[in-house]
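In what follows, a single structure is set out as structure tokens and then discussed.
The values are calculated or read from the model by the stated rules, or taken from the named source; none is laboratory data. This is a predicted model, so every value here is computed, not measured. Cβ coordinates were reconstructed from backbone atoms using ideal geometry, including for glycine residues, and neighbour counts include every protein chain displayed. These accessible areas exclude ligands, DNA and RNA; they are computed on the full protein's heavy atoms, side chains included. Shrake-Rupley method; radii C 1.70, N 1.55, O 1.52, S 1.80 Å.
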Amino acid sequence: MNASHKYIPFFALALLMAAVLFFIYPHYQYYIDPDGTAYLTIAKRYADGDWSKAINGYWSPWSCWLTAIIIKTGLDPIPASIIINALGAVGFLFITQSFFLRFDIVRILQWVLLATLGLFLCFAVFWQSFDDLWECFFLLVALRLMLAADFLYRPRLWVLLGIAGALAYFAKAYSLPFFILNIACCLFFLSKDNRRQWLKVTGVAVAAMIVCSIPWIFALHDKYGIWTTSTAGPLNTSWYLVGHQLYKPELKGLLPPAYPDSPYFWEDPYSVTGDTPHFWSSWYFFGRQLLKVVQNCYKLLESMLQLSVFFPLITLVAWLLLTSKKLKQLFTDDISVVALSFLLFPLGYLLVNFESRYIWYMLPLGMLMGALMLQKYAGRNLVYAGCAVTFLLYPAWQMYRLYDTGKEEYQWAQELRLRNIQGGFTGIVSPGKLIQSAARLAYFSGNPFYYLKAARITENDLVTEMRQYGIHYFFVYTYAANGFYMVPRKLEATGSRVTETDIGETNEIKVFKLN
């Protein structure tokens, strides 16, 4: 079959995916989580040439760079970011079919699984509008390169492998340690007894990755004064170990934004972070880390089930592909490399936390191994469709929940501008939906949000800090009884109410202004 004809499923389903994204965009464009507010702000800084603030150790730069290019053409940051993420999804879909072709998956099964994946990616584009899809794409490209014919004797491919690793690192910092571990293990397996060749290929690939990454690492050093590949890893592992973030001791109640024009401190949490203990800091934290690993094993299982109810079974298949002599006789050695990479990927997250998006890299590899089993032991179209639809259950539920999420904050922001309510604001918000709402409101309105970390702060201390930071407003979600639960007496009502009329009078913000 002509090479271009082989990719007809990809081209057809990429067009279908683009059409679906265009159709649903109006109802999901306003969904921005706190991570999204940071990424969008950073992308805009790159577009504006504000490099000193844009360089960020916590948020990876790749999607920000690409989004900034689109912003420079005159498009707003949100649609620009969706376009860039959609391109990452297209790459994800393409490389998945490349794996299917490499392992001779039957045509009907390719169509079924790629159609499923295309719909899944429509969810993924909005669920996490930066970094994860591009990271997965580049890491999958790296794995696919290692499975190319005569890879061990083609130096150009070794260099390309390193470049793919560097791009994956730019997309998400977790890729750097995983890439090195992954290629070391996979190439060890592929090289069999030729250890000298294994060392040569691994060395060239890692060197190419480091060379490509050095400018960014120097930029981080210039900004933070420390040698680091990312501040995200140390901060996240410490926060999840302790159970919460530890802030600088001089920050009593309010956390100022990273910069005066930031939505809030989450644009660069390093700016407010205090101590960062790790499991090697004491025997107490070592014990907590062991317990955290056990807890994260459960979270990994939960995340797998969110991908598909069959995903834990696929994980067992991956293990058997590496250990079962019977299965090794039925399949080529290359599928064992896929299984090895599949099992290696989540290991680093055992120290931190799991969400289903963290393991999207495993999704096409899991589909591949499942497809091989299905076409060998259950070659019926109905079975194919039944297994494939399980990958869409969790995305369908989440898309239902996210429908028009963020729209009311966008409308509130427009109302705030009309009423000339401009300036920093604070309020006592509980973690979860309310903090996301406050972050969206800050981004849409352009008013920096000063997060109140000390929920039991006294009225006098709160008013003192508001004056210290020049904060004018205290916002109250009147419908959230457990969200904002204290309105200081020294704050007087402005007489302004911002109401979402489509929802009703129960959904509103009451604005108080400092005397």
Need the full-extension length gain, Leu344 to Lys248, defined as separation in residues times 0.36 nm minus the C-alpha distance. One decimal, nm. 31.0 nm
Considering region 1-110, what Rg and Dmax in Å follow from its alpha-carbon atoms? 17.3, 52
Taking the C-alpha atoms of region 107-178, convex hull volume expressed per residue in Å³: 95 Å³
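When the Cα atoms of region 270-354 are enclosed in a convex hull and the volume is divided per residue, what value in Å³ results?
Values: hull volume 11.7 nm³, N = 85.
It comes to 138 Å³ per residue, whole-number rounded.
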Region 227-375: radius of gyration and largest Cα-Cα distance (Dmax), Å: 20.0, 64
Express in whole angstrom the spacing between the alpha-carbon centres of region 351-395 and region 33-103. 26 Å
Can you give the % of DSSP beta bridges in the chain that are antiparallel, to the nearest 5? 75 percent
Probe 1.4 Å, heavy atoms of protein chains only: per residue, the accessible area of the chain in Å² is 44 Å²
Which GluC sites (Glu not before Pro) in region 216-309 sit in a loop by DSSP (not H, G, I, E or B) and have at most 16 other Cβ atoms within 10 Å of their own Cβ? Glu250
Scoring the chain by relative contact order with C-alpha pairs under 8 Å, at least six apart, yields a percentage of 16 percent
Gain upon complete extension [Trp397, Val383; 0.36 nm per residue less C-alpha separation]: 2.8 nm
Additional length obtainable on full extension of the chain from Ser52 to Phe286, 0.36 nm per residue less Cα span: 80.5 nm
Nearest 10, in degrees from 0 to 90: the angle of helix 283-307 to the longest Cα principal axis of the chain is 70 degrees
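From the square roots a ≥ b ≥ c of the eigenvalues of the alpha-carbon gyration tensor of region 154-218, which class results: rounded (a/c under 1.5), prolate (a/b over b/c), or oblate?
prolate
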So if I take the centroid of the Cα atoms in region 456-478 and the same for region 265-304, what is the distance between those two points in Å? 31 Å
Please give the charge dipole size of region 34-144, origin at the Cα centre, charges +1 on K and R Cβ atoms and -1 on D and E Cβ atoms. Round to the nearest 20 debye. 220 debye
Cut-off 13 Å between beta-carbons: net charge of the residues surrounding Lys433, Lys and Arg +1, Asp and Glu -1: -1
In nm, give the distance between the simple-model label positions of Gln422 and Asp150, each being 7 Å from the Cα along the Cα-to-Cβ direction. 6.6 nm
Please work out the C-alpha center-to-center distance from region 403-455 to region 182-241 and express it in whole Å. 39 Å
Please say if region 35-167 is rounded, prolate or oblate, where rounded means a/c under 1.5 for a ≥ b ≥ c the square roots of the C-alpha gyration tensor eigenvalues, and otherwise the choice is prolate for a/b larger than b/c and oblate otherwise? oblate
Principal semi-axes in Å for region 348-419 [√(5λ), Cα gyration tensor, largest first]: 40, 19, 8
What ranking, highest mean first, results for peptides 149-158, 106-115, 194-203 when packing means the other Cβ atoms within 10 Å averaged over each residue? 106-115, 194-203, 149-158
Loop-only chymotrypsin sites (Phe, Trp or Tyr not before Pro) in region 375-474, please: DSSP not H, G, I, E or B, and at most 13 other Cβ atoms within 10 Å. Tyr403
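Taking N as the number of residues in the chain, what is its alpha-carbon radius of gyration divided by 2.2 N^0.38 Å?
1.04
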What's the local net charge at Phe99, with K and R +1, D and E -1, over the other residues with C-beta under 14 Å away? +1
Cα long-axis angle, helix 132-146 against the chain (0 to 90 degrees, to the nearest 10): 20 degrees
Nearest-10 value in Å² for the accessible area of Cys185, using the 1.4 Å probe: 40 Å²
Across Lys223/Lys453; Lys252/Lys510; Lys328/Lys376, pairs whose alpha-carbon gap is larger than 20 Å: Lys223/Lys453; Lys252/Lys510
